[in-house]
Every structure is written in structure tokens, then in C-alpha cells.
Amino acid sequence: MTDLLPDISDEHGELLRWIPQQWLDYGGNPTFHGRVVTLRCFEDNTKVREILSGPGEGRVLFIDGHGNLNKALLGDQLAELAVKNGWQGIIVNGAVRDVSALSMMDLGVKALGACPIKTEKRGAGEQDVPLRIAGILVAPGDYLYADLNGVMLSEHPVELGGAD
């Protein structure tokens, strides 16, 4: 199912929260969904590595990098780790790098933009905290649905017409 969001919006619009932000798609799998794990960090992706090193179990990591495009919070090495450990996708409210490599991976990746510069490694960041992205709440455990149309969230899973 390529255009997932229009279909679930038509069917379940009252259950969904739309993030009114224009994401760029970088991963090889533009349509993905899963339970949300949240992370807030700034110019430091140490916690990104820690989280993606654990079992993904079909989940989506939502990283709030404060919209900063000065350093990339995700690159090919961390994305490979995510694929290996069963993560469905990664949303970065910030920058990614190694965009050509990301496009070849079986992983959903959305971000605000690209930056070739790596982050600091200070071990900073907050996991499993509520985030506010473009005025919309992103809570740990939410169900996230993404495709080329954007990103939607729900407190409860929605029927995907046999896909879920």
C-alpha cells in the first residue's frame, strides 16, 4: 500500500493526529508504520546508537533534534544497525547524512534535511519523553503511520485494510 495516509485518514481521521510538517524521504522504504519510541537530543546522537542497538520489534524511532540542520543525527552506520535489529523507520526532526546509502536500505527514514557533519558524542538525550513537533504531541507508545504524504499518529492502532 503506497498511499497509506489518505486511506487511513478517510477511514479513521478522528483517531489520527497529522504532523503539519513537510518531511523529506531518505530511506528505501517510504511507507512504514509502528509503535513510537521517542528521543530528544541536540547535536549528539549517542542515544540514537544506544536505542537502535536494541531490538526494534517493528517500532519507529522518533528523534526530536529541535529542527537543527547543523549536525546529522542519523547516518548509514546507525541506519544499518536499525535494519539489522528490526526497526521499521526513523523520523528525525533535524538532519541526516549518507543520503545515497540511506535510500538503498529497507528502512523508512524521514527528516527535515541533510547535513554531512557528524554529531558530538556526549551521551546527552532524553528517551521515552513526550515530544511536541509542529505543535503536535508525539508520545512514547503512539502508533505512527508514514508514507510520501507525511506522518500521522494515533493513540490506538488503526485498521490498514488487511496490511496490519
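The values are calculated or read from the model by the stated rules, or taken from the named source; none is laboratory data. Since this is a predicted model, take the numbers as computed values, not measurements. Ideal geometry is used to build each Cβ from the backbone, glycine not excepted, and the neighbour counts take in all protein chains shown.
Side notes on the structure shown:
- Meets criteria (at negative phi and either modelled with pLDDT of 95 or more or charged (D, E, K, R) (or both)) for Asp128: no
- Filter pass, Gly113 being in a loop (DSSP other than H, G, I, E, B) and of a type outside the set (Phe, Trp, Tyr): no
- Of the numbered criteria (1) over 21 Å from Ala72 (Cβ atoms); (2) under 13 Å from the mean Cα position of the chain (by Cα); (3) surrounded by fewer than 17 Cβ atoms within 10 Å (Cβ to Cβ), the one Leu24 fails is (1).
- Within the range 85-96, the set of residues being over 17 Å from Asp142 (Cβ atoms), in contact with a Leu (Cβ under 9 Å, 6 or more places away or on another chain) and free of Cβ contacts under 8 Å to residues at least 40 places away in the same chain comprises Asn85, Gly94, Ala95.
- Once the range 128-155 is narrowed to residues that are of a type in the set (D, E, K, R) and in a strand (DSSP E or B), the residue that is farthest from Tyr26 (Cα to Cα) is Arg132.
- Summed over the range 97-138, residues that are in contact (Cβ under 8 Å) with a residue 60 or more places away in the chain, among the β-branched types (Val, Ile, Thr) and exposed (fewer than 15 other Cβ atoms within 10 Å of the Cβ) total 1.
- Options Leu153, Leu74, Leu144: the member that is without any contact (Cβ under 8 Å) to a residue 60 or more places away in the chain and either surrounded by 21 or more Cβ atoms within 10 Å (Cβ to Cβ) or in contact with a Lys or Arg (Cβ under 6 Å, 6 or more places away or on another chain) (or both): Leu74
- Members of the range 52-61 found to be within 24 Å of Arg122 (Cβ to Cβ) and in contact with a strand residue (DSSP E or B) (Cβ under 6 Å, 6 or more places away or on another chain), listed by number: Leu61
- Looking only at residues of the range 40-71 that are within 14 Å of the chain's Cα centre (by Cα) and assigned to a strand (DSSP E or B), we find that the one that is surrounded by the fewest Cβ atoms within 10 Å (Cβ to Cβ) is Arg40.
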